[in-house]
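Enquirer: Quick one: structure below, then a few questions.
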Amino acid sequence: MYSPPVALLIAPFTQLPFPIFYKLLLAANLVALAWMLGGVRAALALLLPPVQAELQTGNIHLLLAAAIVVGFRFSAAWAWIALTKVTPAVGLLWFAARREWKSLLVAAGSTAAIVVVTWALFPQLWVDWIERLLASATIVIANYTVVQVPVFVRLPVAAGIAVIAGWRGDRWLIPVAVLIALPAIWVGALTILLAVLPLLGQREPPSAHTSQSLARAG
């Protein structure tokens, strides 16, 4: 289900025996967890069922969580989010709501550059991938998902949260928006909320939009 750029990135690793590939992904997830939370909190997080499920299934939600944290400083990190799970890129509305156009341009431009280059080289891969996304957009796998609501219903909610987060300067709300915007919310996907912890102490001043509204109200 990942985009052609991500498929091409992973392709060399598919030549490895699966146990080795799994251990490399496990190591990457553990590094992301330790980097976000620090040693003690990361060790405690390993006791949480969503973290255990994420590590056992070898998904990338912890890497997405780390990308969210990094993305506030280096917005190009959002390309990873946009090119893997796609719909969680709604978190970029943070920059739009705050009128941080340079950061938004870097994020969108980085993503667009990767898309253009890979589309020029492998156009059929993109056509096949888009067709598959459209075919699965309304499918909900009820036996495995935590939230049994199609993504097109959840996406406006996620967008609203991202905009409000930008207006208020509440970075911690962006992982919440990203989680809600996921194509499918598995148990392991809840690990994205771990990004809330390092972001709680990183509140920004209200955006210019909010400040102007408050000034008019006063």
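Each reported figure results from applying straightforward, stated rules to the coordinates on display, with no laboratory input. Predicted, not measured: the structure shown is a model, and the values here were computed from it. All Cβ positions, even for glycine, are placed from backbone atoms using ideal geometry, and neighbour counts span all protein chains on display.
Enquirer: With a 10 Å cut-off between alpha carbons and a GNM built on the chain, which of Arg98, Arg73, Arg154 moves the most?
Expert: Of the options given, Arg73 has the highest mean-square fluctuation.
Enquirer: Taking the mean number of other Cβ atoms within 10 Å as a proxy for protection, how do you rank 57-66, 26-35 from highest to lowest?
Expert: Highest mean packing first, the order is 57-66, 26-35.
Enquirer: Now a separate question. Would you mind telling me which residue in Leu194, Leu83, Leu24 has the biggest mean-square fluctuation in a Gaussian network model of the chain, where springs connect alpha carbons within a distance under 10 angstrom?
Expert: Leu24
Enquirer: Efficiency by 1/(1 + (r/R0)^6): what FRET value for Gln15 and Val147, r their Cβ-Cβ distance, R0 = 45 Å, to the nearest 0.05?
Expert: My answer for the efficiency is 0.80.
Enquirer: Separate question: Compute, for the chain, the length of the dipole vector about the Cα centre, with Cβ point charges of +1 (Lys, Arg) and -1 (Asp, Glu) only. Units Debye, rounded to 20.
Expert: The dipole of the chain has a size of about 500 debye.
Enquirer: A further question on this structure: From the residues Leu26, Met36, Pro206, which one has its Cα farthest along the dipole of the chain in the positive direction, the dipole being from +1 and -1 charges on Cβ of Lys/Arg and Asp/Glu about the Cα centre?
Expert: Value: Pro206.
Enquirer: Taking the dipole about the Cα centre of segment 4-217, with the C-beta of Lys and Arg at +1 and of Asp and Glu at -1, give me whichever of Trp129, Ala53, Thr14 is farthest to the positive side.
Expert: Ala53
Enquirer: A further question follows. For the chain, modelled as a Gaussian network with Cα springs under 10 Å, which listed residue fluctuates most, Leu155, Leu190, Leu200?
Expert: Leu200
Enquirer: Still on this model: Kindly put Glu54, Glu204, Glu100 in sequence by how many other C-beta atoms sit within 10 Å of each C-beta, fewest to most.
Expert: Glu204, Glu100, Glu54
Enquirer: If one computes the Cα centroid of segment 2-63 and of segment 97-116, what distance in Å separates the two points?
Expert: First find each Cα centre; the distance between them is then 26 Å.
Enquirer: For Trp186, list long-range residues whose amide hydrogen, built 1.01 Å from N in the peptide plane, is under 5 Å from its own amide hydrogen.
Expert: Excluding prolines and chain starts, which carry no amide H, the hits are Val146.
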